[in-house]
Each structure stands twice: as C-alpha cells, then as structure tokens.
Amino acid sequence: MKTFIAALLCLAISAHADTLQPLDDQEMSHIAGQAGQGVQLTLMLRNNVDTTGNPIGCTSGGLNPCRMGFEFSARDGIWLMLKDYYGALQINDLRIDNATLPASNTSHYDASRFLSVEGDCLIAGCNPSGLLSLRTRYPFHKDVGIYNDLNLFTHIGRVALEYDDTVNNIPGYMRDAATGSVLGFRATDSQALNAPANMRFEGEAYVFGF
C-alpha cells in the first residue's frame with residue numbers, strides 16, 4: 001500500500017529562529033499554554049492514489065497492491081482484508097487551542113460520568129464546569145456554499161477473510177483465495193469520478209481529562 005502524508009502546523013509563537021534553544025524535561029514541565037494562542041492543522045493523507053485521486057496499480061479483482069489487512073489478537077493467521085482499497089483524506093485549517101469550559105453545564109450533564117468504580121467523584125463535585133480543556137474548531141463565518149473543512153474519498157472494493165497458507169508459507173495478507181466479499185464501501189462526490197466528498201462543520205468540540 002502506497003501512503004502519502006503531509007501535515008502543516010502553524011504555531012503561534014513569537015520567538016525568532018535564531019533565539020530558539022532546546023529544553024530538557026525539567027524545563028519543559030514548567031511550560032504552559034497561553035490564552036489566544038494555538039495550532040492550526042492541515043493534514044493530507046493519500047492511500048494508493050495520485051494527486052488527482054486516480055488509483056495507482058489498483059486493478060479490479062485479484063491480488064493487487066491496494067489492500068490493507070488486520071490480524072486481531074488471539075486470531076493468528078486469520079486476516080480481515082480490505083481489497084481494492086484506495087482513497088484520500090484532507091483536513092483543512094482545523095484550529096486547536098485551549099479554552100475554559102462554560103460556568104454552567106448543558107442539559108446533557110450527567111454527574112455519574114465522573115464517578116470512580118468505588119463511587120467517588122474524580123473531579124470536585126463531579127462537575128466539570130470551569131475546567132481547562134482542549135478546544136478544536138473550524139473557522140466560522142464561511143461563505144455560503146463553501147464546503148472545504150474536510151474532504152473524503154474512500155473506495156473499498158471487497159472485504160473478506162484470508163487465512164495463512166502454512167504449507168507454502170504464504171501469509172494471509174498476501175493471498176486472494178476468498179471468492180466472495182461481505183462488504184463494499186465508497187465515499188465520494190457523486191458528480192465526478194474519484195472526487196472527494198466535501199464537508200462543512202460549524203461549532204466547537206471540547207476535550208478535557210482528569
């Protein structure tokens with residue numbers, strides 16, 4: 001499987017390149033984020049496709065390079081194979097920064113989610129309001145008709161189990177012995193061949209731990 005990954009991190013820092021110095025673990029432990037600063041992330045992942053979305057070496061049917069296999073614990077020699085597998089994923093301009101949770105909880109608040117196995121509150125009062133959190137969001141105020149927050153193109157032609165050939169010492173992920181398929185999947189723009197489906201998101205997501 002051919003995989004291409006490109007990531008761009010735009011860090012909000014004020015230091016100049018000629019003044020940057022490496023920090024040891026003790027110094028790093030005293031570093032804290034500052035309000036109003038964060039990371040902007042753009043990620044491009046291509047699996048078995050070129051820059052225009054056309055599959056590379058993915059002939060329909062038979063053993064070809066466009067496949068992904070999963071071998072699960074306690075299931076040695078049995079492979080769940082995604083065959084004729086290719087596609088692309090692009091995340092554009094995702095903002096990641098820190099934020100404080102609202103002072104009052106929403107109607108979805110459930111105090112029991114913050115209890116230990118013994119029934120004790122893992123945070124003060126089993127109440128997360130006002131805690132620091134990691135916030136992810138996309139740019140607001142996008143123009144009407146702009147759908148470019150996430151682009152997804154995925155094609156899985158066949159899904160089947162393959163077994164190791166212990167006689168000829170051929171692992172299951174290198175075989176195409178299964179004659180059928182239990183699943184096929186395709187996510188794309190219905191108006192163009194191999195074009196990604198374009199998505200738009202609004203709102204914010206908060207992640208916090210304790």
Does ASP143 satisfy being assigned to a loop (DSSP other than H, G, I, E, B), closer than 26 Å to PRO196 by Cβ and not hydrophobic (A, V, I, L, M, F, W, C)? yes
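Table: residues versus (1) under 20 Å from the mean Cα position of the chain (by Cα); (2) part of a strand (DSSP E or B); (3) not hydroxyl-bearing (Ser, Thr, Tyr).
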residue: THR52; (1), (2), (3): no, no, no
residue: SER60; (1), (2), (3): no, no, no
residue: ASN64; (1), (2), (3): no, no, yes
residue: PHE72; (1), (2), (3): no, no, yes
residue: ARG75; (1), (2), (3): no, no, yes
residue: LEU80; (1), (2), (3): no, yes, yes
residue: LYS83; (1), (2), (3): no, yes, yes
residue: ALA88; (1), (2), (3): yes, yes, yes
residue: ASP93; (1), (2), (3): yes, yes, yes
Among the residues of the stretch 181-190, is any loosely packed, with under 14 Cβ neighbours inside 10 Å, closer than 30 Å to ASP76 by Cβ and in contact with a Lys or Arg (Cβ under 7 Å, 6 or more places away or on another chain)? yes
Which of the residues spanning the stretch 63-90 are of a type in the set (A, V, I, L, M, F, W, C), crowded, with 18+ Cβ neighbours inside 10 Å and under 30 Å from TYR147 (Cβ atoms)? CYS66, LEU82, ALA88
What are the residues in the stretch 148-169 that are surrounded by fewer than 17 Cβ atoms within 10 Å (Cβ to Cβ) and within 21 Å of ASP76 (Cβ to Cβ), if any? LEU161, TYR163, ASP165, THR166, VAL167, ASN168, ASN169
Single residue of GLY145, GLY172, GLY125, GLY209 found to be modelled with pLDDT of 90 or more and surrounded by fewer than 12 Cβ atoms within 10 Å (Cβ to Cβ): GLY125
Enumeration of residues in the stretch 193-210 that are among the small types (Gly, Ala, Ser) and touching a residue at least 12 places away in the same chain (Cβ under 8 Å): ALA195, ALA197, GLY203, ALA205
Inside the stretch 155-192, can you point out the residues that are under 28 Å from the mean Cα position of the chain (by Cα), in a strand (DSSP E or B) and free of Cβ contacts under 8 Å to residues at least 24 places away in the same chain? none
Residues of the stretch 193-206 that turn out to be over 20 Å from the mean Cα position of the chain (by Cα) and surrounded by 12 or more Cβ atoms within 10 Å (Cβ to Cβ), as a count: 1
Unmet criterion (only one of (1) in a loop (DSSP other than H, G, I, E, B); (2) surrounded by 14 or more Cβ atoms within 10 Å (Cβ to Cβ)) for LEU134: (1)
Being over 27 Å from the mean Cα position of the chain (by Cα) and hydroxyl-bearing (Ser, Thr, Tyr) is the filter here; which residues of the stretch 119-139 pass it? SER129
So which pairs qualify, if the first residue must be in the stretch 127-143 and within 12 Å of VAL207 (Cα to Cα), the second must be among the small types (Gly, Ala, Ser) and exposed (fewer than 14 other Cβ atoms within 10 Å of the Cβ), the Cβ gap must be under 6 Å, and the two must be at least 6 apart or on different chains? THR136/ALA205
Tell me, please, whether a residue that is within 25 Å of the chain's Cα centre (by Cα), surrounded by 14 or more Cβ atoms within 10 Å (Cβ to Cβ) and at pLDDT 95 or above can be found in the stretch 96-118. no
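The values are calculated or read from the model by the stated rules, or taken from the named source; none is laboratory data. These numbers come from a predicted model, not from an experiment. FYI the Cβ positions are ideal-geometry reconstructions off the backbone, even for glycines, and counts take in every protein chain you see.
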